[in-house]
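Undergrad: There's a structure below that I have some questions on.
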Amino acid sequence: MARIKFLTDSAADIPAALREELNIQVLPFPIAMGDKEYQDGVDFTPEEFYGMLLAAPQIPTHAQLTAFLFQECFEQAWKEGYTDLIHTSINSKGSATYQNSIQAREEFYEDHPEAKDTFHIHIIDSHNYTMSYGYPVVEAAKLAAQGKEAGEIVAFIQDWIDRVRVVFAPLDLRFAKKSGRVPAAAAFVGDALGLKPIMTFDNGDSKILTKVRGEKNVIPTLLDLCQKERRPDSPYLLIRGNNDVQSDKLHEAAVQALGQEPAMEYHIGGVIAINAGPNLVGVVYWT
């Protein structure tokens, strides 16, 4: 009987209650704010972090997750008797974290050649951010609880990642321009004219799909894109930051336009807020 361990990182934005309920191990990115270091998603709630972020005199920074940290996770899961570990990683184009997990896997099997046949480490590059890869991990953990095999579960996560689309609008570009980790947003010109970019990630690269004039046109444009591309009757998720007014409007408009409630509505965590800004709205769906 397979025993499967699920591992991901805090940029997946899986809400704390779900992480605990489904026993998903989430590695927190370290966030440096002034002379203090915090653990993303551990030392604060997303809503608490937005206030800290807006009050910070300098934009906080976050580091990658190291190969040593992954090796420790692999060692522990192996010693605890798991047959499979499935790690779903932050976009490899935005962080060295994915490559560090690959390196850790190689080093683990060098140190423990006897584990190769009994403990399988599966590593998946999400090519994306936030619940675009957090959500399939949540659903995968539910499949494992139903007794599904590791191969089937890995295929499920990979299929979701291959089809998922995140469309979002950063309503305040200050953070994206300062951090520079979302290049298309950092390079965007037109915000002084009241233009707002509608963005996505395509094979790991940030991309502006269109731009609209004024906040009032953001939500209709997001939902128009979703309606054109979304697989009928498939689940969708709504992304919230610190803008409750726009988020509530998006919820109401989405239910009306898409004919069903979102599978989940959640707040972005620290890593996403630093790089895209806390003031954003977005939709995650399956194409």
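Here's the yes/no breakdown for (1) more than 30 Å from LYS148 (Cβ to Cβ); (2) polar (S, T, N, Q):
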{"site": "MET1", "(1), (2)": "no, no"}
{"site": "LYS5", "(1), (2)": "no, no"}
{"site": "THR8", "(1), (2)": "no, yes"}
{"site": "ILE14", "(1), (2)": "no, no"}
{"site": "PHE29", "(1), (2)": "no, no"}
{"site": "GLY51", "(1), (2)": "yes, no"}
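Here is a yes/no grid of residues against (1) within 17 Å of TYR133 (Cβ to Cβ); (2) surrounded by 15 or more Cβ atoms within 10 Å (Cβ to Cβ); (3) in contact with a helix residue (DSSP H, G or I) (Cβ under 8 Å, 6 or more places away or on another chain):
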residue	(1), (2), (3)
PHE49	no, yes, yes
ALA55	no, no, no
ALA67	no, yes, yes
ILE86	yes, yes, yes
THR97	yes, yes, no
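Undergrad: Moving on. Can you find even one residue in the range 24-45 that is of a type outside the set (Asp, Glu), in a helix (DSSP H, G or I), modelled with pLDDT of 95 or more and on the phi < 0 side of the Ramachandran plot? If you could, list the steps in order and put the result at the bottom.
TA: To start, the set of residues in the range 24-45 that are of a type outside the set (Asp, Glu) comprises 24-34, 36, 38-39, 41-42, 44-45.
Remaining after also requiring in a helix (DSSP H, G or I): none.
No.
Undergrad: Scan the range 200-217 and give yes if some residue there is farther than 20 Å from ASN128 by Cβ and buried (at least 20 other Cβ atoms within 10 Å of the Cβ), otherwise no. Outline the logic, then answer.
TA: We begin by selecting, within the range 200-217, every residue farther than 20 Å from ASN128 by Cβ; these are 211-217.
With the extra rule that they be buried (at least 20 other Cβ atoms within 10 Å of the Cβ), the set shrinks to none.
No, because not a single residue in the range 200-217 is farther than 20 Å from ASN128 by Cβ and buried (at least 20 other Cβ atoms within 10 Å of the Cβ).
Undergrad: Just to be sure I understand, how many residues within the range 238-287 are surrounded by fewer than 22 Cβ atoms within 10 Å (Cβ to Cβ), more than 20 Å from LYS216 (Cβ to Cβ) and in contact with a strand residue (DSSP E or B) (Cβ under 9 Å, 6 or more places away or on another chain)?
TA: 9
Undergrad: Mind listing whichever residues of the range 143-175 are basic (Lys, Arg), at pLDDT below 95 and part of a loop (DSSP other than H, G, I, E, B)? Step through it out loud before you land on a result.
TA: Going residue by residue through the range 143-175, those that are basic (Lys, Arg) are 148, 163, 165, 174.
Those still in the list that are at pLDDT below 95 too: 174.
Across the range 143-175, there are no qualifying residues.
Undergrad: Looking at (1) in a strand (DSSP E or B); (2) closer than 16 Å to ALA176 by Cα, which is the only condition ILE86 fails?
TA: With (1) in a strand (DSSP E or B); (2) closer than 16 Å to ALA176 by Cα applied to ILE86, the lone miss is (2).
Undergrad: In the range 211-237, how many residues are in contact with a Leu (Cβ under 8 Å, 6 or more places away or on another chain) and farther than 15 Å from ALA276 by Cβ? Walk me through it before giving the result.
TA: Of the range 211-237, the ones in contact with a Leu (Cβ under 8 Å, 6 or more places away or on another chain) are 211-213, 215, 218-219, 222-223, 225-227, 230, 236.
Now narrow it down to the ones that are farther than 15 Å from ALA276 by Cβ: 211-213, 215, 219, 223, 225-227, 230, 236.
Qualifying residue count for the region: 11.
Undergrad: Check VAL283 against each of (1) under 23 Å from LEU209 (Cα atoms); (2) in a helix (DSSP H, G or I); (3) among the β-branched types (Val, Ile, Thr) and name the one condition it does not meet.
TA: Condition not satisfied by VAL283: (2).
Undergrad: If you don't mind, there's one more thing I want to ask. Filter the range 103-140 down to the residues that are assigned to a helix (DSSP H, G or I) and surrounded by fewer than 21 Cβ atoms within 10 Å (Cβ to Cβ) and list them by number. Before the answer, list the steps.
TA: Residues of the range 103-140 that are assigned to a helix (DSSP H, G or I), as a first pass: 103-111, 113-115, 131-140.
Answer for the range 103-140, where residues must be assigned to a helix (DSSP H, G or I) and surrounded by fewer than 21 Cβ atoms within 10 Å (Cβ to Cβ): GLN103, ARG105, GLU106, GLU107, TYR109, GLU110, ASP111, PRO113, GLU114, ALA115, GLU139.
The values are calculated or read from the model by the stated rules, or taken from the named source; none is laboratory data. All values derive from a computational prediction rather than experimental measurement. Positions of Cβ are backbone-derived with ideal geometry, glycine not excepted, and every protein chain shown enters the neighbour counts.
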